[in-house]
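Here's the structure, in structure tokens; my notes come after.
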Amino acid sequence: MSGPVSRHGFRGQVTLDGPSGTGKSSVARALAVRLGASYLDTGAMYRAATVAVLDAGIEPTDAESVTRSVSAARIDIGTEAGTELVQVDGVDVATRIRGVEVTRSVSAVSAVPAVRRLLVDRQRALVADAEAIVVEGRDIGTVVLPEATLKVYLTAAPEIRAERRAGQLGVTDPAEIAAIAADLRRRDDYDSSRADSPLRPAPDAVVVDSSGLDREAVVDRVLELALTAVGEKA
Ligand code: DC
């Protein structure tokens, strides 16, 4: 895919925060394409940091060692909506970051304040390089870009989120779906209750509940909000 083509004249930043299983990533990518904007997946950065920690043989709960290994690692992340580039020290980890090993440890790594400071600085630098960008994560509207053009908090009922995640994984067994729901709840509780940058909507975020909506309907809604925010028509 070629670089972003600015459509609709959108300039600025759209932040998309919310828990996992809301369809946030696919909405964020599709929105970036529709706006002709860049796209930044900050969750992928925390996941890449977790790869560095695991490969160094460090316990994800050992905050000091975690910080040391994340500072030493070179984490490269692409900002094109059409391609996924995630590298740690020059090695492609785009597939590995979605695996169970990383998923199990990423909450602990992302709860370390020094890791957050490092990655937030990089996120702001990447955003500063883009005329128009959609940034997804947990704390983008609250901490990373509190002055963003539009802040959206995407949510969905827990059962729906578990079913969507099961669908992506091809799981149909009710017991396995229940296990997925329990894992989502565990991660939500962890992410929402951590002391540094907990998951929560910014005071001025627009909350969009995707429970009864398909992906296209959510993208249309957020696109309309983004264009309205810059005085354009959808
Ligand atoms: O969106 P995701 O599932 O790829 O995120 C992976 C983890 O990283 C998740 O446990 C929350 C954390 N995260 C975060 O703390 N802050 C962000 N801005 C993005 C993700």
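Since every read-out is calculated from the coordinates, none of them should be taken as a lab result. All values reported here derive from a predicted model rather than from experimental measurement. Every residue, glycine as well, gets a Cβ built from its backbone with ideal geometry; the counts of neighbours run over all protein chains shown.
Which whole-number percent gives the relative contact order of the stretch 87-234, counting Cα pairs below 8 Å spaced six or more residues apart? Let's see the in-between values first.
Working: 109 pairs, mean separation 40.1, N = 148.
That works out to 27 percent.
Work out from phi, with θ = phi - 60° and the Karplus expression 6.51 cos²θ - 1.76 cosθ + 1.60, the ³J(HN,Hα) of each residue of the stretch 42-49, listed in order in whole Hz, and give x for Gly and Pro.
Running phi through 6.51 cos²θ - 1.76 cosθ + 1.60 with θ = phi - 60° gives 6, x, 5, 5, 5, 5, 5, 4 Hz.
Compute the distance from the alpha-carbon center of the stretch 176-205 to that of the stretch 126-147, in whole Å.
Using only Cα atoms to place each centre, the spacing works out to 20 Å.
DSSP loop (so not H, G, I, E, B), at most 16 other Cβ within 10 Å: list which GluC sites (Glu not before Pro) in the stretch 141-184 pass both filters.
Values: sites: GLU147, GLU159, GLU163, GLU176; in loops: GLU147.
Listed in order of number, the matching sites are GLU147.
For the stretch 29-110, which trypsin sites (Lys or Arg not before Pro) are in a loop by DSSP, counting at most 13 other Cβ atoms within 10 Å?
Numbers: sites: ARG29, ARG34, ARG47, ARG68, ARG74, ARG96, ARG98, ARG104; in loops: ARG74.
Of the trypsin sites (Lys or Arg not before Pro), the ones in loops of the stretch 29-110 whose Cβ has at most 13 other Cβ atoms within 10 Å are ARG74.
Using helices alone, I'd like the mean residue ellipticity at 222 nm for the chain: each DSSP H run of four-plus residues gives -39500 (n - 2.57), total over residue count, nearest 500. It would help to have the intermediate numbers written out before the result.
Details: 8 runs with 110 residues, N = 234.
It lands at -15000 deg cm²/dmol.
State the extension gain, in nm to one decimal, for the chain segment bounded by ASP173 and LEU85, taking 0.36 nm per residue of separation less the distance between their alpha-carbons.
On the way: separation 88, 0.36 × 88 = 31.68 nm, distance 3.30 nm.
Computed gain between ASP173 and LEU85 is 28.4 nm.
Listed highest first by mean packing, meaning other Cβ atoms within 10 Å per residue, what order do 111-119, 14-22 come in?
On the way: 111-119: 19.0, 14-22: 25.1.
Top to bottom by mean Cβ count within 10 Å: 14-22, 111-119.
Out of the DSSP beta bridges found with both residues in the chain, what percent are antiparallel (nearest 5)? It would help to have the intermediate numbers written out before the result.
Details: 5 of 23 bridges.
Restricted to the chain, the bridges split so that about 20 percent are antiparallel.
List the equivalent ellipsoid semi-axes of the chain in whole Å, largest first, each obtained as the square root of 5λ for an eigenvalue λ of the Cα gyration tensor. Please report the intermediate quantities before stating the final value.
Details: eigenvalues 142, 98, 54 Å².
Listed largest to smallest, the semi-axes of the chain are 27, 22, 16 Å.
Under the 0.36 nm per residue contour assumption, what length would be gained going from the current alpha-carbon distance of SER26 and GLU64 to full extension? Mind dumping the intermediate values first?
Working: separation 38, 0.36 × 38 = 13.68 nm, distance 3.40 nm.
Stretched fully, the SER26-GLU64 segment lengthens by 10.3 nm.
In nanometres, what is the gap between the two model label sites at ARG122 and LEU213, each 7 Å from Cα along Cα-to-Cβ?
It is 3.1 nm.
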